Amino acid sequence: MDAEPILKVADVTKKFGNLVAVNRASLEVNRGEIVGLIGPNGAGKTTLFNAISGLYRPEEGTVFFKGMNITNWLPHKICKLGMSRTFQVTRAFTHMTVEDTVRVGAYNRFNEKNVQDKVDQVIKVCELVDIRKRVCEDLGLASLRKVELARALATEPEMLLLDEAGAGLNATELATFMDLIKKLNQESQITFCVVEHVMQMVMGLCQRIVVLDSGEIIAAGTPNEISNNARVIEAYLGKRAVHARNQ
Amino acid sequence: MFETATQGIITGILMGAIYALIALGLSIVFGIMNVTNFAHGDFVMLSMYLSFAVGSALAWDAVATPLITAPLMFLFGIITYYLLIDRTLRQMYVVQLAVTVGLQILMRSAALIIWQAQPRALQYSFIQGNIQIGDFQILTSRLFSAVVSLIFIAGMAYFMNKTWAGRAMRAASDDLGAASLMGVNYHKTYALTFAIGSSITALAGGLVMSFQQTDPVGGIRFGLLSWAVLALAGLGSLPGLIVAGIIVGVVESLTVSFFDPRSRLLGVYAIFILVLWLRPRGLFGRR
């Protein structure tokens, strides 16, 4: 692993009017890691993702990616630098076919002459061969999650932000999805930062977990450390749960 | 009666193909950028004046003038986008409306100052004359313009579906945020979209100038016709745009044939209102 983290978020604050959605959040992700970002609903996870990926401009703080200060960069420039993402509520291009959707991502690195090879490769990796000619608006959630992943992979990212990619998947689909993420991490050396509510996916996938609550980072550590952290249990289940656990 | 109706339908179909081309510019700007360009008809008016200026200066046929006016309008589109439209995208919708209506007034006033109020027409076109089929006459200039319009629309469909820029434009139309995060530069994509929309009016302007004159308020008619075609077709279907253009053309032509020529837009407006009332998505619209 490189000494310098691939992603460094320093004291990022994002407000919506008087509401502080993310408050001086800091985290680091090392190259090759799979890091989980968890927290109760409304904790600010997706807002933080949006601030990292350029959709939102943070009021304070800085975001460094590959050593470069990308705070306030436009999303397409961040994508060109090597970061891509998926969305909590799937945002595949509804009127385009699966193949064309993936192709839009592939244009990030490839031109018209050599884009097809990349599209074919990603479609195969994400097991979308059978539905490559179908229009996205006709697909179910599991397929849309794969299309979003394929589109993001086609941009050839060094880091991928997955926003609740496991939500709505059944046990089999989830297991397949997790295998794919592990494979991409190990074989393609893609770094992952994963926002997730599905604990099976967080615990089974992530080497490190960062916990966000009410816009603030309250804990960070290995899955085992996090599952025994009193502040995390309190954030998820309330003070009585911590008290009951200690008795 | 039958002859009059048939002649009206033939003329309407030919004009309808040209209306579809004019509406195509409006359709891609509205459909991809969600920008309501109320000045679209005046872009056609400006294109017709440019066609007149180029045709007069170089003694060119009107239908050849888009070779010069299309790049000029493309440039005009890019400048207009960066100077005006881009600044309205993150504003309230009413700002966009005010800016495009202001642009409309500015263009009309500029045309009035530069070319004065009297109508302007080019003297000669190599496609003048008629084709006689039985009892029916087809103006060669309209037939030529309709064929060129349909070929261009087909070419545009290919561009949108098979090229990098076209796919980027469609992706931005579907979800701008997601497209940006996949590497699509939305500033460039929007500028290109607006520029293409503008240069389409140059082609349409050159074709229309082969059989029609222009004046500073000529854009009102083309603007309203474009909105009627777009409302009828809905967004996202180029074949739908052609069918809608033909319906509008035929209704306009039959109104002229059977009623007072001054009421030519009455039937078109009736369709416009009915469609917005009964089917706001249009006949072929996806959204």
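Read-outs: derived from the displayed coordinates by stated rules, not from any lab. A quick note: this is a predicted structure, and the numbers were derived from the prediction, not measured. No Cβ is skipped: glycine too gets one built from the backbone with ideal geometry, and neighbour counts run over all protein chains shown.
Per-residue Cβ counts within 10 Å, from other chains only, averaged over A:146-157: what number is that?
Mean partner-chain Cβ count within 10 Å for A:146-157: 1.
What number does chain B give for Rg over Rh if you use C-alpha atoms and the Kirkwood radius?
Computed over Cα atoms, the ratio is 0.96.
Once you've got the GNM for chain B with C-alpha springs shorter than 10 Å, pick whichever of B:G183, B:G206, B:G240 has the biggest mean-square fluctuation.
Residue with maximal mean-square fluctuation among B:G183, B:G206, B:G240: B:G183.
Determine, for B:F259, B:F76, the number of other Cβ atoms within 10 Å of each Cβ, and report the residues in order from fewest to most.
Going from sparsest to densest Cβ surroundings: B:F259, B:F76.
Could you grab the Rg to Rh ratio for the protein assembly as shown? Cα atoms only, Kirkwood for Rh.
1.09
In peptide A:93-103, what is the residue-averaged number of other protein chain Cβ atoms found within 10 Å of each Cβ?
Across A:93-103, the average partner-chain Cβ count within 10 Å equals 4.
Lys and Arg at +1, Asp and Glu at -1: add these up for the other residues within a Cβ distance under 15 Å of B:G77 and post the number.
-1
Please report how far the C-alpha centroid of region B:9-54 lies from that of region B:149-184, rounded to the nearest whole angstrom.
Comparing the Cα centres of region B:9-54 and region B:149-184, I get a distance of 19 Å.
Can you pull the one-decimal nm distance between simple spin-label points at A:H197 and B:L276, each 7 Å off the Cα toward Cβ?
For the pair A:H197/B:L276, the computed spacing is 4.1 nm.
Can you list the residues of region A:20-63 with backbone N under 18 Å from a point 7 Å past the Cα of A:E4, pointing along Cα to Cβ?
Of the residues in region A:20-63, A:27-33, A:62-63 have backbone N under 18 Å from the label point off A:E4.
Step through the residues of region B:151-162 one at a time and calculate ³J(HN,Hα) from phi using the Karplus curve (6.51 cos²θ - 1.76 cosθ + 1.60, θ = phi - 60°), rounding each to whole Hz and writing x for Gly and Pro.
4, 5, 5, 4, x, 5, 4, 4, 4, 5, 9, 10
Taking Cα atoms, how many degrees apart are the long axis of helix B:2-33 and the longest axis of chain B, rounded to 10 and kept between 0 and 90?
10 degrees
For the peptides A:66-74, A:32-40, what is the packing order when you average, over each peptide's residues, the other Cβ atoms within 10 Å and list the highest mean first?
A:32-40, A:66-74
Return one number: the angle in degrees, 0 to 90 and rounded to the nearest 10, between the long axis of the Cα atoms of helix B:218-233 and the longest principal axis of the Cα atoms of chain B.
So the inclination is approximately 70 degrees.
Sequence-distant or interchain residues sharing an amide H contact under 5 Å with A:I218, placed H: which?
A:V211, A:L212, A:D213
Looking at the square roots a ≥ b ≥ c of the eigenvalues of the Cα gyration tensor of region B:189-275, which shape do they give, rounded for a/c under 1.5, prolate if a/b is larger than b/c, or oblate?
Taking the square roots of the gyration eigenvalues as a ≥ b ≥ c, region B:189-275 is oblate.
Residue-wise, which Karplus ³J(HN,Hα) couplings in Hz belong to region A:36-41, taking 6.51 cos²θ - 1.76 cosθ + 1.60, θ = phi - 60°, and x for glycine or proline?
x, 10, 10, x, x, 4
For peptide B:169-179, how many partner chain Cβ atoms fall within 10 Å of a residue's Cβ, on average?
For peptide B:169-179, the averaged partner shielding equals 6.
Kindly express, to the nearest 10 degrees and within the range 0 to 90, the angle between helix B:93-115's C-alpha long axis and the longest C-alpha principal axis of chain B.
Around 50 degrees separate the two axes.
Using only alpha-carbon positions, what ratio does the radius of gyration of region B:82-223 give when scaled by 2.2 N^0.38 Å?
So region B:82-223 has a normalised radius of gyration of 1.34.
I want the local charge near A:C206. Using Cβ-Cβ distances under 10 Å, sum +1 for each Lys or Arg and -1 for each Asp or Glu among the other residues.
-1
List the aspartates and glutamates whose alpha-carbon lies under 18 Å from that of A:K15, not counting same-chain residues fewer than 8 positions away?
List returned: A:E59, A:E60, A:D213, A:E216.
Mind pulling the per residue volume of the convex hull built on the Cα atoms of region A:94-154? Å³ is fine.
67 Å³
Please list the equivalent ellipsoid semi-axes of chain A, computed as the square roots of five times the alpha-carbon gyration tensor eigenvalues, in descending order and whole angstrom.
So the equivalent ellipsoid measures 31, 21, 17 Å along its semi-axes.
If I take R0 = 41 Å and measure r between the Cβ atoms of B:I105 and B:F136 in this structure, what FRET efficiency does the formula 1/(1 + (r/R0)^6) give, to the nearest 0.05?
Step by step, r from the Cβ atoms, then E = 0.50.
To make sure I understand the rule: partners must be aspartates and glutamates, Cα under 19 Å from the Cα of A:K124, and not fewer than 8 residues away in the same chain. Which ones qualify?
Leaving aside aspartates and glutamates fewer than 8 places away in the same chain, those within reach of A:K124 are A:E99, A:D100, A:E148, A:E156, A:E173, A:D179, A:E187.
May I ask for the net charge around B:A62, where only other residues with Cβ less than 14 Å from the Cβ of B:A62 are counted and Lys, Arg are +1 while Asp, Glu are -1?
Once positives and negatives cancel, what remains is +1.
For chain A, list the DSSP H helices whose alpha carbon atoms reach 18 Å or more along the long axis and whose average Kyte-Doolittle value is -0.5 or above?
Passing helices, by number: A:141-154, A:171-187.
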